[in-house]
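K.L.:
Before I ask anything, let me first share the structure, which is written out below as C-alpha cells.
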Ligand code: NIG
Ligand code: FE
C-alpha cells in the first residue's frame, strides 16, 4: 500500500541535502510513503503514481515530533499543588510522593487508560514518537508494572526507579539504591530500553547516580539523566562521562558543564513546560546552541512539574523565552528529539526513513510559534 502526499507548499525534511540548512526545506513538494517508510521525496510536479492520494492543498508539512522525555505512567493529578505554586509556593519535587501513592492505588487498566489518553492527545498535536518513564511506583512490582504497560505503547521505555527515594526507605536511602540496582532493575530491564536517574539535591547524589546508571548499563540499558534542574550539580558532567544519550533539563549550568556538553555527544534536552509550570527561570538555550551543543526540546509531560503534552506549546515558549529561533526550535523538537533517543529512523524525512509526518493548517512551520495556542495540526500520518 503506497500513499502520495502532494501539493505540500513547504516541506520541512531536516535533511540538509535539500537546501543546505538544517531544516532542509523544499517548496511545492510531494512524498510517497509505502508500507510505513518514505519511498520517494521530490517536486510535486514530478511525483510518481501511488495507490492512495492525499492533497495537502498548499499546506506546510513537517516531520512528526519526537517527544524524548515524558512521565506518562501515573495515577491522580496535582492541580491543587499547581494552583498553590501559582499563588507563590515554590516547586520542590516533594509532590512526587503524592503521585506515587495514587499510582500504587491505580489498577493496570487505570494506568493504561491514562497513558493511552495522553499519547492520543500527543498524537493529535503532532507527536509520533514518545519516550515513557516509570518512576511513580518505586517498588519492584510497581516499577515493573509501569514499564510492562508502557511497552505496549512505545519501544522507548525508561526505567526511573531512581526518581526519588521511595517513602518506604526514607531513613535508609542506601538500601533503596541497592534495591534499584538489584531486584528492581532485574524486574524492569526486560521492559526497558533506557535507565534514568534524578540527580539532584533531595533525590540522588553523584555517587548514587553513577552507581545506578552503571548498574543499568551492565544490564544492557542505555543511560540518560535528569540533570541540573533545580540547581547546579554534577548531573550534566556525569551524563557526558558515561556517554549518556541525553542530559535533561540543563537549567542550571556552569561554563564547565556547557564545555562538557559541547565536547561530547550527549544531547541537552530542554523542557520548557517544567519552567513554565513551576514558574522557574528557563534554561539558556542560546548559550548551549552558541557553544555548539545539540539541543532537543521535549514536554516532560507529568502531573507535577509539567502537565502539558504539547510540543507546539514547548516550541512557542522556547522561541519566545529561551531565545531559540523558530528554525532551531522546529529542529530540536523533531531531529533533536530523535538524537536524544539515538534514533536515526525518525525526526527526518528522507527515503528509507519512517513515514511520520504532520500536515499543518498553515503555510509555514513558523506559524507554530507565530500563532501560539492555536491547534494547527491538520493531519498526522504515521
Ligand atoms: O522531570 N524532575 C523530576 N521529575 C519530574 C517531576 C516529577 C513530578 O513533580 O512529579 C520532572 O520535572
Ligand atoms: Fe522529567
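None of the figures in this text is laboratory data; all of them are computed from the coordinates on show. Just so it is clear, the model here is predicted, and its values are computed rather than measured. Here Cβ is always computed from backbone atoms with ideal geometry, including for glycine, and neighbour counts include all displayed protein chains.
K.L.:
Order the peptides 170-179, 25-34 from the highest to the lowest mean number of other Cβ atoms within 10 Å of their residues.
P.N.:
Numbers: 170-179: 14.9, 25-34: 21.2.
Put in order of decreasing packing, that is 25-34, 170-179.
K.L.:
Shifting gears a bit: Subtract the Cα-Cα distance of residue 254 and residue 201 from 0.36 nm times their separation in residues, and report this length gain in nm to one decimal. Intermediate results must be reported in sequence, preceding the final value.
P.N.:
Values: separation 53, 0.36 × 53 = 19.08 nm, distance 1.65 nm.
Net length gain for the segment: 17.4 nm.
K.L.:
Need one number: nm distance between label points at residue 77 and residue 109, each 7 Å from Cα along Cα→Cβ, rounded to one decimal.
P.N.:
Going by the 7 Å Cα→Cβ label model, 2.2 nm.
K.L.:
I've got another one for you. On a full-extension model of 0.36 nm per residue, what is the gain between residue 40 and residue 152, subtracting their alpha-carbon distance, rounded to one decimal in nm?
P.N.:
37.3 nm
K.L.:
For the chain, compute the orientation-averaged projected area of the C-alpha convex hull (one quarter of its surface), in nm².
P.N.:
Working: hull surface 70.9 nm².
Average of the hull's projected areas for the chain equals 17.7 nm².
K.L.:
Between residue 170 and residue 120, what is the label-to-label distance in nm when each label sits 7 Å out along the Cα-to-Cβ direction?
P.N.:
It is 3.8 nm.
K.L.:
Could you grab the relative contact order for the chain? Cα pairs under 8 Å, six or more apart, rounded to a whole percent.
P.N.:
Numbers: 943 pairs, mean separation 73.5, N = 382.
Relative contact order comes out at 19 percent.
K.L.:
Another one. Tell me, how many Å apart are the Cα centres for segment 7-59 and for segment 88-121?
P.N.:
Centre-to-centre distance over Cα atoms comes out at 39 Å.
K.L.:
Another question, then. Go ahead and run the numbers for FRET between residue 17 and residue 92, Cβ-Cβ distance against an R0 of 56 Å, rounding to 0.05. Spell out each step's value before the answer.
P.N.:
Working: r = 47 Å, r/R0 = 0.84.
E(calc), rounded to 0.05, equals 0.75.
K.L.:
Mean separation of Cα pairs under 8 Å and 6+ residues apart, divided by the residue count of segment 71-221: what relative contact order is that in percent?
P.N.:
Details: 230 pairs, mean separation 31.0, N = 151.
Relative contact order comes out at 21 percent.
K.L.:
Of all DSSP beta bridges in segment 229-382, what percent run antiparallel (nearest 5)?
P.N.:
On the way: 5 of 11 bridges.
Roughly 45 percent of the DSSP beta bridges within segment 229-382 come out antiparallel.
K.L.:
Subtracting the Cα-Cα distance from 0.36 nm times the residue separation, let me have the gained length for residue 361 to residue 281 in nm, one decimal.
P.N.:
Working: separation 80, 0.36 × 80 = 28.80 nm, distance 3.20 nm.
Using 0.36 nm per residue and subtracting the Cα-Cα distance, I get 25.6 nm.
K.L.:
Based on the mean of other Cβ atoms within 10 Å per residue, sort peptides 101-113, 8-20 so the most packed one is first.
P.N.:
Details: 101-113: 14.8, 8-20: 19.6.
In descending order of packing, they fall as 8-20, 101-113.
K.L.:
Here is a further query. With springs only between Cα atoms under 10 Å apart, run a GNM on the chain and tell me which of 81, 52, 143 wobbles the most.
P.N.:
Per the Cα network of the chain with a 10 Å cutoff, 52 tops the list.
K.L.:
Give the separation of the Cα centroids, segment 135-164 to segment 303-382, in Å.
P.N.:
So the two Cα centres are separated by 26 Å.
K.L.:
To check you understand DSSP bridge types, tell me what percent of the beta bridges within the chain (both residues inside) are antiparallel, rounded to 5.
P.N.:
45 percent
K.L.:
Give me the distance in nm between label points sitting 7 Å out from Cα along the Cα-to-Cβ direction at residue 370 and residue 183, one decimal.
P.N.:
Using points 7 Å along Cα→Cβ, the separation is 5.9 nm.
K.L.:
Could you tell me the extents of segment 311-373's C-alpha atoms along the three principal axes, largest first, rounded to whole Å?
P.N.:
Sorted largest first, the three principal extents are 33, 25, 15 Å.
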